[in-house]
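S.K.: Just dropping this structure here.
The values are calculated or read from the model by the stated rules, or taken from the named source; none is laboratory data. As the structure is a prediction and not an experimental result, all values here were calculated from the model. No Cβ is skipped: glycine too gets one built from the backbone with ideal geometry, and neighbour counts run over all protein chains shown.
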Amino acid sequence: DAKTTQPTSMDCAEGRAANLPCNHSTISGNEYVYWYRQIHSQGPQYIIHGLKNNETNEMASLIITEDRKSSTLILPHATLRDTAVYYCIGGKSTFGDGTTLTVKP
Amino acid sequence: NAGVTQTPKFRILKIGQSMTLQCTQDMNHNYMYWYRQDPGMGLKLIYYSVGAGITDKGEVPNGYNVSRSTTEDFPLRLELAAPSQTSVYFCASSSRAWGSTDTQYFGPGTRLTVL
């Protein structure tokens, strides 16, 4: 079964960049990498997705390695409101436990 | 568009009772999903549907049933509630298959407690 691996938790100082890694070594060539986040107990919210190229939107940037086995989500200027659980989905993998990001003042 | 709506928001059940969690989407999405999330854990897929009349099991289907008679609705049925089913249940939908170029849109969740 497809599977992703993420660190359990990370801290980041407010205003600094938060870099969240993810390993998705079982991803197939035509499958996308998705990132979602979940604030408190709300439903997960889409952040960004990509296939091969790096992507950027108003929320974040996504860096995908050339072999597509891993990726990094970058929140360029983390705020306290970015404290959440971040899920990386590689291909047909399911959500897993995600990374709890805590942004500290 | 209301997106994905779920009812009820909260429910307390006694062991052995039955209930149906409702999920409706107004985006004309073919794909719909049910997840459960236990405290401090990630989401686990219970069932999913690729279109009206077609459903399939996810990771943790035991104790649940689903049906998909219309594109809009995807109810989740608990027949004999057990304390292990205490969880938050999320419904989601997408226009294309998981893994392809489309996102899942989530509802606000139903918080279920079985005592």
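S.K.: If you go through the range B:33-44 one residue at a time, do you hit one that is among the charged types (D, E, K, R), at pLDDT 95 or above, touching a strand residue (DSSP E or B) at 6+ places or on another chain (Cβ under 8 Å) and over 16 Å from residue B:93 (Cα atoms)?
M.R.: Looking for residues that are among the charged types (D, E, K, R), at pLDDT 95 or above, touching a strand residue (DSSP E or B) at 6+ places or on another chain (Cβ under 8 Å) and over 16 Å from residue B:93 (Cα atoms), one finds none in the range B:33-44, hence no.
S.K.: Just give me the residues in the range A:1-38 being part of a loop (DSSP other than H, G, I, E, B), closer than 17 Å to residue B:42 by Cβ and not acidic (Asp, Glu), in sequence order.
M.R.: Scanning the range A:1-38 gives A:2, A:3, A:4, A:6, A:7, A:8, A:24.
S.K.: Looking at this structure, is residue A:92 at the interface with chain B (Cβ under 9 Å from one of its Cβ atoms) and basic (Lys, Arg)?
M.R.: Details: at the interface with chain B (Cβ under 9 Å from one of its Cβ atoms): yes; basic (Lys, Arg): yes.
The answer is yes for residue A:92.
S.K.: On to the next question. Give the residues of the range A:40-61 that are outside any strand (DSSP E or B), more than 21 Å from residue B:89 (Cα to Cα) and within 11 Å of chain B (Cβ to nearest Cβ), sorted by residue number. Break it down stepwise before answering.
M.R.: Narrowing the range A:40-61 to residues outside any strand (DSSP E or B): A:40-44, A:51-54, A:57-60.
This time we only want the ones that are more than 21 Å from residue B:89 (Cα to Cα), so: A:51-54, A:57-60.
Matches in the range A:40-61: A:51 only.
S.K.: Here's a follow-up. Restricting to the range B:4-28, name every residue that is surrounded by fewer than 21 Cβ atoms within 10 Å (Cβ to Cβ) and under 18 Å from residue B:95 (Cα atoms).
M.R.: Once the filter is applied, which keeps residues that are surrounded by fewer than 21 Cβ atoms within 10 Å (Cβ to Cβ) and under 18 Å from residue B:95 (Cα atoms), the range B:4-28 yields B:5, B:24, B:26, B:27, B:28.
S.K.: Any idea which of A:37, A:68 is at positive phi and within 14 Å of chain B (Cβ to nearest Cβ)?
M.R.: Checking each option against the conditions leaves just A:68.
S.K.: Which of the residues spanning the range A:71-85 are more than 11 Å from every other protein chain (Cβ to nearest Cβ) and assigned to a strand (DSSP E or B)?
M.R.: Those that are more than 11 Å from every other protein chain (Cβ to nearest Cβ) and assigned to a strand (DSSP E or B): A:71, A:72, A:73, A:74, A:75, A:84.
S.K.: Here's something else I'd like to know. For the range B:6-53, list the strands (runs of 3 or more DSSP E) that sit wholly inside it and hold at least 1 residues that are in contact (Cβ under 8 Å) with a residue 24 or more places away in the chain, within 11 Å of another protein chain (Cβ to nearest Cβ) and under 14 Å from the mean Cα position of the chain (by Cα); which are they?
M.R.: B:31-37, B:43-51
S.K.: Now for a separate question. For the structure I just gave you, tell me whether residue B:112 is of a type outside the set (Gly, Ala, Ser) and under 11 Å from the mean Cα position of the chain (by Cα). Full working, then the answer.
M.R.: Numbers: of a type outside the set (Gly, Ala, Ser): yes; under 11 Å from the mean Cα position of the chain (by Cα): no.
No; evaluated as a whole, the condition is false for this residue.
S.K.: Which of (1) farther than 30 Å from residue A:30 by Cα; (2) at pLDDT below 95 is the odd one out, the single condition residue B:3 does not satisfy?
M.R.: Just one mismatch for residue B:3, condition (1).
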